[in-house]
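Presented below is the structure to which this report refers.
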Amino acid sequence: MQSRVVPLEEGEEPTPINRTNQSKPSTLRPIRVLVLFLVLCIAVSIISIHTIRYFGINSVVTTAKSTFRPCYEEPRSLEQWITPPSNLMHNMTDKELLWRASLVPRIKKYPFQRVRKIAFMFLTKGPLPLAPIWERFLKGHEGFYSIYVHSLPSFQANFPPSSVFYRRQIPSQVSEWGRMSMCDAERRLLANALLDISNEWFILLSESCIPVYNFSVIYRYVMKSRYSYMGAFDDHGPFGRGRYNLNMAPEVHINQWRKGSQWFEVNRNLAINIVEDTIFYPKFEQFCRPACYVDEHYFPTMLTIRAGNLLANRSITWVDWSRGGAHPATFGRSDITKEFFKRILEGHNCTYNHGTSSICFLFARKFAPSTLQPLLQLLPKLLAF
Ligand SMILES: *[C@@H]1O[C@H](CO)[C@@H](O)[C@H](O)[C@H]1NC(C)=O
Ligand SMILES: *[C@@H]1O[C@H](CO)[C@@H](O)[C@H](O)[C@H]1NC(C)=O
Ligand SMILES: *[C@@H]1O[C@H](CO)[C@@H](O)[C@H](O)[C@H]1NC(C)=O
Ligand SMILES: *[C@@H]1O[C@H](CO)[C@@H](O)[C@H](O)[C@H]1NC(C)=O
């Protein structure tokens, strides 16, 4: 500021002062005083006009350069901090995105009516063959959910504007099963979903997942739960502790090592724990490589250490391992029967908060694209949605 003001005063003032010094002495003192006074007045007005112009133009130029906004800005309101971005596309790098997503309000009481939403995060290769089921499931629950889709970067989605998936694709990168790039994709989904301050619960799904209860039941189940549904168990066998690498100490001890299914539900606090992590990430990146499948260990282990008391330690996504092999069963058209859903929905008891519940799974996988038609016929009747 000072450097701007000083040259102006120095530049403008000498001219009138020099001119008055040059005028010859005269007996007409009152006139001299009057002239001097007038000259001073003019000098002052010139200086002020110049000052206004200088600062006025200067501020317009800076605004235009930095934000491309007109010189008169709308007054800032709370809306701009709590309204989710209307366009999910952005050019932030992962580093920038994770930093932005880790910003947390310190005052815990929201000064506005916050309707908590479930963020459904789809980790896919490309198309969503079972999308019509999700459309049906979500119908009528607008305002209580949001959708995020991570797919191969080459995939061009073409959902119609009426679809819940329309323009819900986030900037994505190639991710490989069992590698850190898979966890990167999951963190990217969480970070993008965290940008909407109303998202309270974050559910990771794949293109072969379906819901097995209606929206009201699922929303209530998640909302009333004291725990988040991250599968995390201490497997003493070769595919559990056997994958632990001693180099992970002291950040991770072998008795903290956990294994769990990739498909989770976490609340906002745990989601922030995941995106802000810089302590465990490098250890897993470096020391959990195939045959250590990092997407089965990183989040379960890291969250057990950071916030183990908030985890239910079980998954809410049903999957069938009974057929054996390295991959769970994929169901086709002929599998879709009432009896099949009885098997998923009944015959389980699990802990829920401090009691037991017969509702143990809210989602199920893996369903082939061919199951779409039979599912569309059966599910709405069976689950009332
Ligand atoms: C994003 O776009 C802005 C404006 O076009 C540019 O200044 C910035 O460098 C870009 N950032 C990245 C990470 O590409
Ligand atoms: C899940 O496991 C952690 C320790 O790994 C434990 O502290 C927590 O109480 C368990 N959660 C439930 C619901 O039992
Ligand atoms: C679940 O619990 C109920 C009541 O406690 C019991 O009647 C039922 O047999 C149990 N089901 C299973 C599969 O354990
Ligand atoms: C959701 O399903 C439950 C039972 O499964 C049923 O009682 C409820 O009416 C259904 N909700 C809606 C909105 O259809």
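Overview of values
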| item | result |
| --- | --- |
| Hits in the range 350-385 (condition: away from ligand 3 (no atom under 16 Å from the Cβ), aliphatic (A, V, I, L, M) and touching a strand residue (DSSP E or B) at 6+ places or on another chain (Cβ under 8 Å)) | Leu362, Ala364, Ala368, Leu375, Leu379, Leu383 |
| Ile316 hydrophobic (A, V, I, L, M, F, W, C) and within 16 Å of ligand 4 (Cβ to nearest atom) | yes |
| Where Pro369 falls short, out of the listed (1) at pLDDT 95 or above; (2) of a type outside the set (A, V, I, L, M, F, W, C); (3) within 24 Å of the chain's Cα centre (by Cα) | (3) |
| Every pair of residues 6+ apart whose Cβ atoms lie under 7 Å, when the first sits in the range 93-119 and is farther than 13 Å from Ala193 by Cα and in contact (Cβ under 8 Å) with a residue 40 or more places away in the chain while the second is more than 16 Å from ligand 3 (Cβ to nearest atom) and part of a helix (DSSP H, G or I) | Asp94/Asp184; Asp94/Arg188; Val104/Ile272 |
| Scope the range 108-130; condition farther than 19 Å from Tyr219 by Cα and not in a loop (DSSP other than H, G, I, E, B); matching residues | Leu123 |
| Which numbered condition Phe280 misses (of (1) buried (at least 19 other Cβ atoms within 10 Å of the Cβ); (2) in contact with a strand residue (DSSP E or B) (Cβ under 8 Å, 6 or more places away or on another chain)) | (2) |
| Pair list, Cβ < 7 Å and 6+ apart or interchain, from the range 254-265 residues that are among the aliphatic types (A, V, I, L, M) to residues that are at pLDDT 95 or above | Ile254/Arg241; Ile254/Tyr244 |
| Spans of helices (runs of 4 or more DSSP H) in the range 281-385 with at least 1 residues within 16 Å of ligand 2 (Cβ to nearest atom) and either in contact (Cβ under 8 Å) with a residue 40 or more places away in the chain or under 30 Å from Asn255 (Cα atoms) (or both) | 298-307 |
| Residue within the range 216-232 that is free of Cβ contacts under 8 Å to residues at least 24 places away in the same chain, more than 16 Å from ligand 4 (Cβ to nearest atom), in a helix (DSSP H, G or I) and surrounded by fewer than 15 Cβ atoms within 10 Å (Cβ to Cβ) present | no |
| Residues of the range 327-354 satisfying the condition of being of a type outside the set (Ser, Thr, Tyr) and under 32 Å from the mean Cα position of the chain (by Cα) | His327, Pro328, Ala329, Phe331, Ile344, Leu345, Cys350, Asn353, His354 |
| Hits in the range 249-274 - residues which are surrounded by fewer than 21 Cβ atoms within 10 Å (Cβ to Cβ) and hydrophobic (A, V, I, L, M, F, W, C) | Ala249, Ile254, Ile272 |
| So Asp196, is it among the charged types (D, E, K, R), touching a strand residue (DSSP E or B) at 6+ places or on another chain (Cβ under 7 Å), within 16 Å of ligand 2 (Cβ to nearest atom) and part of a loop (DSSP other than H, G, I, E, B) | no |
| Criterion: in a helix (DSSP H, G or I), free of Cβ contacts under 8 Å to residues at least 40 places away in the same chain, within 30 Å of Gln286 (Cβ to Cβ) and within 19 Å of the chain's Cα centre (by Cα) - qualifying residue of Ser181, Ser172 | Ser181 |
| Residue list for the range 346-373, restricted to those being under 18 Å from Ser208 (Cα atoms) and buried (at least 17 other Cβ atoms within 10 Å of the Cβ) | Phe361, Leu362, Phe363, Ala364, Arg365, Lys366, Phe367, Thr371, Leu372 |
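The values are calculated or read from the model by the stated rules, or taken from the named source; none is laboratory data. From a predicted model like this one, the values you see are computed outputs, not experimental measurements. All Cβ positions, glycine included, derive from the backbone under ideal geometry; neighbour counts span all protein chains shown.
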